1. Filter the stretch 186-203 down to the residues that are of a type in the set (A, V, I, L, M) and under 15 Å from the mean Cα position of the chain (by Cα) and list them by number.
2. For the stretch 196-207, state whether one or more residues are out of contact with any His (no Cβ under 7 Å at 6 or more places or on another chain), among the aromatic types (Phe, Trp, Tyr) and either within 18 Å of TYR137 (Cβ to Cβ) or surrounded by fewer than 21 Cβ atoms within 10 Å (Cβ to Cβ) (or both).
3. I'd like to verify a number: residues in the stretch 329-365 that are over 16 Å from TRP391 (Cα atoms), outside any strand (DSSP E or B), of a type outside the set (S, T, N, Q) and under 24 Å from the mean Cα position of the chain (by Cα), how many?
4. Report every pair of residues separated by at least 6 positions or lying on different chains whose Cβ atoms are under 8 Å apart, first residue within the stretch 269-284 and within 30 Å of GLU321 (Cβ to Cβ), second assigned to a loop (DSSP other than H, G, I, E, B).
5. For the stretch 383-403, check the following and say yes or no: at least one residue is modelled with pLDDT under 90, within 15 Å of ASP329 (Cβ to Cβ) and hydrophobic (A, V, I, L, M, F, W, C).
6. Go through the residues of the stretch 292-300 one by one and say whether even a single one is β-branched (Val, Ile, Thr), part of a strand (DSSP E or B) and under 13 Å from LEU396 (Cα atoms).
7. Give the stretch 317-326 a look and list any residue that's under 20 Å from GLU397 (Cβ atoms) and surrounded by fewer than 21 Cβ atoms within 10 Å (Cβ to Cβ), or say none.
Amino acid sequence: MIPPLFFLVAALAAAQPADKGYVVRVDSASVWLDLTAADGAAPGRAFEVYVEGPELKHPVTGASLGRVKTPVAAGAITDVAEKYSTGALAASSGAVKAGQRARFTAPAPAAAKPAAPARPGEPESRAPKTQGATLDYQVNAMAVGDFDGGKPQIVLASENSVKLYAYPAADGKPLAETVITGTGLRILGLEASNVAGGARDDLFVSVYDETFKRFETRVLRMENGKWLKVAELPFLTRGWQDASGKRVLATQQVLDDKSFPFGAIYPLSYQDGQYVQGRPALGLKRVDWIYGFTTAKLTNGDSAAVYLTSVHALRVQIGKEWWRTPDDDYGQTPLRVRWQDRLLEFNPPMAVTYGPSGFEALYAVRNMAALGGLASPFGLFNHAELVRKRWNGLGLETVWKADLSGCAQGLAVVETEPGRREIVVAVRGSAGQSSVWTFDP
């Protein structure tokens, strides 16, 4: 029986113009193709480079059946220009040469149907811009950064591994992956940062070691298409946004001693070739847990700490004054660790954007528990909402919201090109699968 994949590749090749699909240039793991958006090229779409062999002829009719196609390398589109597209090969291959053929091996990212218009007085219901490939694992965390190639890339974590994809993970085949070794180890968070001042971002993987009852961070760097561990840090790392909107990393130690429940939150610093906890401590009022806060400079000029309360509401703290959302379910996550008498929740991040006039929006997710909320104590969440909120001078009001068919474990604002942003969410389904969704802001 002919495998279904044969028909998929054949259909995709048929949709591609016969006079197109050539390698124009090769530079290490980067390749330039003559395929454009009109031919189906889109960031994240998978392709393969191949060479044509002998012609095949039908043994009875003598009709030509085409030529034997021998795969040389595979990759994914990273950027699309007017007359060509650029791709990243899964591994640097000296066998790829200009003049070889190329074809798509996966459909382009699917565009969702427009959402129904909002009723008067209600927030707009926003549909996703794209929904990525279905991944056969549950996503624990997400990070977006420039790890290898000069363009945004996306890293997703399962329970104990990290996988690098071309943004926005429209193809399910990773460009690189590695397992975070350790007995009883679980990945709890991912962050991307260039604190060390290198040419590319490092990846910070926060983990919990069940065997030794220890929280730590492994630092990975992409070298020659592979992840290389460059440091182990005895504290957790987490991104937040300063008053300028820049995403920076904070650190916190979780120790089983008299400093419990937590040590102070310090910035991450790079000194004498090592990652360390910088000084002074952040000292944000009422903020004691690194996995549940950010800051914002509101439209009236006030600096505020925005954090998740113990009952999963959003609270805005401005000096001694405060405001909180009337609804709850913000954050919430199946990633939890019982630490002495407190449940540590590794909530998905929040994101703040600024425009020409200052504060623009806050993006957050609401993970909803199954069984009408009854499953919340067990960490079972089967749907979620992504919300965009603005500051109206008195509090945060919802501008639009989007339904997600699963629990959201990652959220980021990505500048795909100067002046153009997308909201990216890692959606973890209840059936053990995940995907990456993008939204217009």
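The values are calculated or read from the model by the stated rules, or taken from the named source; none is laboratory data. This structure is a prediction, so every number in the text was calculated from the model and none was measured. Virtual Cβ from ideal backbone geometry, glycine too; neighbours counted across all protein chains shown.
1. Scanning the stretch 186-203 gives ILE187, LEU188, LEU190, ALA192, LEU203.
2. no
3. Residues in the stretch 329-365 being over 16 Å from TRP391 (Cα atoms), outside any strand (DSSP E or B), of a type outside the set (S, T, N, Q) and under 24 Å from the mean Cα position of the chain (by Cα): 6 in total.
4. ALA281/ALA264; ALA281/ILE265; LEU282/ALA264; LEU282/ILE265; GLY283/ALA264; LEU284/ILE265
5. Looking through the stretch 383-403, none of the residues is modelled with pLDDT under 90, within 15 Å of ASP329 (Cβ to Cβ) and hydrophobic (A, V, I, L, M, F, W, C).
6. No - not one qualifying residue is present in the stretch 292-300.
7. Within the stretch 317-326, the subset under 20 Å from GLU397 (Cβ atoms) is 317-318, 321-326.
Matches in the stretch 317-326: GLN317, ILE318, GLU321, TRP322, TRP323, ARG324, PRO326.
Yes/no per residue for (1) at pLDDT 90 or above; (2) within 25 Å of VAL436 (Cα to Cα):
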position: ALA14; (1), (2): no, no
position: GLY21; (1), (2): yes, no
position: ARG25; (1), (2): yes, no
position: ALA41; (1), (2): no, yes
position: VAL49; (1), (2): yes, no
position: ALA76; (1), (2): no, yes
position: GLY87; (1), (2): no, yes
position: ALA91; (1), (2): no, yes
